[in-house]
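Q: Okay, handing you the structure first.
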Amino acid sequence: MKEACTAIRRARTLWDAHRNAACRGERAKAMALYDALSPDEREKVPDALRVWLRYRSEKYFGPHTTPPQGRA
């Protein structure tokens, strides 16, 4: 659980710094860690982190968005 919270915090920090490519990768790691948690462990994750990971970041990084393009 601690690793998941740390990864979510890192992703939020990158998001706040407008480093979207790095945030995308860190968010993917955080989602994998969060998804591996049991329901009881998920309840222990602070609400602010859970909300950012599940709802706010989904708006910007979800499967419905256009993936980033390589630099030309």
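The values are calculated or read from the model by the stated rules, or taken from the named source; none is laboratory data. All figures in this text were calculated on a predicted structure; none of them were measured in a lab. Note: ideal-geometry Cβ built from the backbone for every residue, glycine included; neighbour counts use all protein chains shown.
Q: Output the number of residues of region 1-19 satisfying the condition of being within 11 Å of Tyr34 (Cα to Cα) and either in contact with a strand residue (DSSP E or B) (Cβ under 7 Å, 6 or more places away or on another chain) or not in a helix (DSSP H, G or I) (or both).
A: Looking only at that region, the number is 1.
Q: Which of the residues spanning region 15-25 are free of Cβ contacts under 8 Å to residues at least 40 places away in the same chain and closer than 13 Å to Trp52 by Cα?
A: Asp16, Cys23
Q: Next question. Anything in region 32-48 that is surrounded by 15 or more Cβ atoms within 10 Å (Cβ to Cβ) and out of contact with any Phe, Trp or Tyr (no Cβ under 9 Å at 6 or more places or on another chain)? List them, or say none.
A: Hits for region 32-48 are Leu33, Tyr34, Leu37.
Q: Quick check on region 9-27: of everything there that is of a type in the set (A, V, I, L, M, F, W, C) and exposed (fewer than 13 other Cβ atoms within 10 Å of the Cβ), which residue is nearest to the chain's Cα centre (by Cα)?
A: If we take residues in region 9-27 being of a type in the set (A, V, I, L, M, F, W, C) and exposed (fewer than 13 other Cβ atoms within 10 Å of the Cβ), then Ala21 is nearest to the chain's Cα centre (by Cα).
Q: Just give me the residues in region 49-72 being surrounded by 13 or more Cβ atoms within 10 Å (Cβ to Cβ), touching a Lys or Arg at 6+ places or on another chain (Cβ under 9 Å) and modelled with pLDDT under 75, in sequence order.
A: Ser57, Phe61 - these are the residues of region 49-72 that are surrounded by 13 or more Cβ atoms within 10 Å (Cβ to Cβ), touching a Lys or Arg at 6+ places or on another chain (Cβ under 9 Å) and modelled with pLDDT under 75.
Q: Mind listing whichever residues of region 28-61 are within 8 Å of the chain's Cα centre (by Cα) and among the basic types (Lys, Arg)?
A: Passing the criteria: Lys29, Arg54.
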